[in-house]
Amino acid sequence: MTHPLIDRLISELGYPEIDLDSHDEFAAQPGMNVLFFAGDPEMSKDTTDVAVVLPELVSAFEGQLTPGVVTDTWGTGKTLKQQYGFSAYPSLVFVRGGEYVGAITRIQDWSEYLDKIAELLVAAPRRAPGFSIPVVTA
């Protein structure tokens, strides 16, 4: 399910819609790439708020962020969510050169976005959190 505010990111602002076929190429672009995992706006109340804030963040960081939108929550979104290991929608996942750098989940205060993104812009890539299964020995 989509929403006019999410559709606007793609149709008016030209953010690419990311699926499994386009993900690797998008994530490998130079610079900091931001994947907006919208989720289902009916289930995730913060989704439309993040859809409004994302263009403002792109503008505030003056060309340092390249955004893309993952709109398929149950297909592509589910597969990529498992890859990046975030826990809730909406999420902004930051990747540089195809490598995971970090994520911001749900809506945040403006100053928190600015501080966290500034940190991520200079952070080294790291392993995505992923989902872990505890190993028990008998």
* Asked: Which of the residues that make up the stretch 17-30 are closer than 19 Å to VAL101 by Cβ and part of a loop (DSSP other than H, G, I, E, B)?
  -> ILE18, GLN29, PRO30
* Any hit, the stretch 45-68, residues being under 13 Å from the mean Cα position of the chain (by Cα), surrounded by fewer than 20 Cβ atoms within 10 Å (Cβ to Cβ) and of a type in the set (D, E, K, R) -> no
* Give the stretch 75-106 a look and list any residue that's among the β-branched types (Val, Ile, Thr) and buried (at least 17 other Cβ atoms within 10 Å of the Cβ), or say none. => THR76, VAL93, VAL95, VAL101, ILE104
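What do you reckon, is ALA128 touching a residue at least 40 places away in the same chain (Cβ under 8 Å), farther than 16 Å from THR48 by Cα and in contact with a Phe, Trp or Tyr (Cβ under 7 Å, 6 or more places away or on another chain)? Please lay out each step first, then the result.
Working: touching a residue at least 40 places away in the same chain (Cβ under 8 Å): yes; farther than 16 Å from THR48 by Cα: yes; in contact with a Phe, Trp or Tyr (Cβ under 7 Å, 6 or more places away or on another chain): yes.
When the stated conditions are applied, ALA128 passes them.
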* Asked: Is it the case that some residue within the stretch 111-132 is modelled with pLDDT of 90 or more and among the β-branched types (Val, Ile, Thr)?
  -> yes
* Does any residue in the stretch 15-44 that is hydroxyl-bearing (Ser, Thr, Tyr) come within less than 7 Å, Cβ to Cβ, of a residue that is at pLDDT 90 or above six or more places away or on a different chain, and which pairs are these? -> TYR15/LEU9; TYR15/PRO67; TYR15/GLY68; TYR15/VAL69; SER22/PRO16; SER44/TYR89; SER44/PRO90
* Some residue of the stretch 29-41 being farther than 23 Å from PRO129 by Cβ and over 13 Å from the mean Cα position of the chain (by Cα) -> yes
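The values are calculated or read from the model by the stated rules, or taken from the named source; none is laboratory data. Bear in mind that the values here come from a model prediction, so they are computed numbers and not experimental data. Don't worry about glycine lacking a Cβ; one is built from the backbone with ideal geometry, like all the others, and counts go over all protein chains shown.
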